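All remarks here apply to the structure that follows.
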Amino acid sequence: MPTGIAGQFLAALLQSHYALVVSAIQLAGGVLLLVNRYVPLALVLLGPVIVNIFLYHLLMDRSGLVLAIVVVILWGIVAFRQRQNFSGIFVQRTS
């Protein structure tokens, strides 16, 4: 377990069982990607988790930052290949 604020943060996640929910979301997203079904849904599930992992390593515990960056890049590659499924969220409302 890391020390300092990173350890306190992880302790809070574990004691509140929040980490179990995040783990379930990661598992669901990973399975969807592995079976190549509902890939846009998998990206939506995994996106916020990956952002939090990246920010944790950027701001609290730099030891895993390189791996977090690799995961962000890989997510970005898959998201780019699925961009047609997300085109509607980038349309500006006209009214």
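Side notes on the structure shown:
- Failed item in (1) more than 18 Å from Gly29 (Cα to Cα); (2) touching a residue at least 12 places away in the same chain (Cβ under 8 Å), with Asn85 passing the rest: (1)
- Meets criteria (at pLDDT 95 or above and small (Gly, Ala, Ser)) for Ala6: no
- Of the criteria (1) assigned to a helix (DSSP H, G or I); (2) loosely packed, with under 15 Cβ neighbours inside 10 Å, which one Val71 fails: (2)
- The residues in the stretch 52-95 that are among the hydrophobic types (A, V, I, L, M, F, W, C) and within 15 Å of Ala6 (Cα to Cα) can be counted, and the count is 7.
- Residues satisfying the stated conditions in the stretch 11-47, i.e. of a type in the set (A, V, I, L, M), within 14 Å of the chain's Cα centre (by Cα) and more than 17 Å from Trp75 (Cβ to Cβ): Ala19, Val21, Ala24
A quick yes/no check of all residues on (1) at positive phi; (2) touching a residue at least 12 places away in the same chain (Cβ under 8 Å); (3) surrounded by 15 or more Cβ atoms within 10 Å (Cβ to Cβ); (4) in contact with a Cys (Cβ under 8 Å, 6 or more places away or on another chain):
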residue: Gln15; (1), (2), (3), (4): no, no, no, no
residue: Ile25; (1), (2), (3), (4): no, yes, no, no
residue: Val31; (1), (2), (3), (4): no, no, no, no
residue: Val35; (1), (2), (3), (4): no, no, no, no
residue: His57; (1), (2), (3), (4): no, no, yes, no
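The values are calculated or read from the model by the stated rules, or taken from the named source; none is laboratory data. Quick caveat, the model's predicted, so the values are computed rather than measured. Ideal geometry is used to build each Cβ from the backbone, glycine not excepted, and the neighbour counts take in all protein chains shown.
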